[in-house]
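Chemist: Pasting a structure below so you can have a look.
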Amino acid sequence: MFGSSGVRGIANMEMTPRLALNFGLAVGSIYPEVVVGHDPRISGEMIEHAVVAGLLSSGSKAVKLGMVPTPTLALASKNYGCSIMITASHNPGPVHRVENL
């Protein structure tokens, strides 16, 4: 599902690598530099790789911070103009949200 700040869904069901790649392509077509991070959930790294592939394919520079708290990524976005956080926030287990901060 696409919401006001990103997409969310169960990893490998609604939140597929293809969806994450397309999200990266869309964001990368607007921003020349994007910082990316994820929470400690197992599928976060997979989704991060797909987002970064989309960013790079669009010609954008992707700066991967890896596992990072959302407030840290939000602070880093001040230096890059845009950030993408892969997190489930308060949602259970395999549910992920890819949000543009």
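FYI, it's all coordinate maths here, none of it is from the lab. Note that this is a predicted model, so its numbers are computed, not measured. Positions of Cβ are generated from backbone atoms using ideal geometry, with glycine treated the same way; all protein chains shown enter the neighbour counts.
Chemist: Among Thr87, Thr70, what is the fewest-to-most ranking by other Cβ atoms within 10 Å?
Modeler: Listing Thr87, Thr70 from fewest to most nearby Cβ atoms yields Thr70, Thr87.
Chemist: With the cut-off at 1.5 for a/c, could you classify region 6-100 from its C-alpha gyration tensor as rounded, prolate or oblate?
Modeler: Since a/c reaches 1.5 but b/c is at least a/b, the shape of region 6-100 is classed as oblate.
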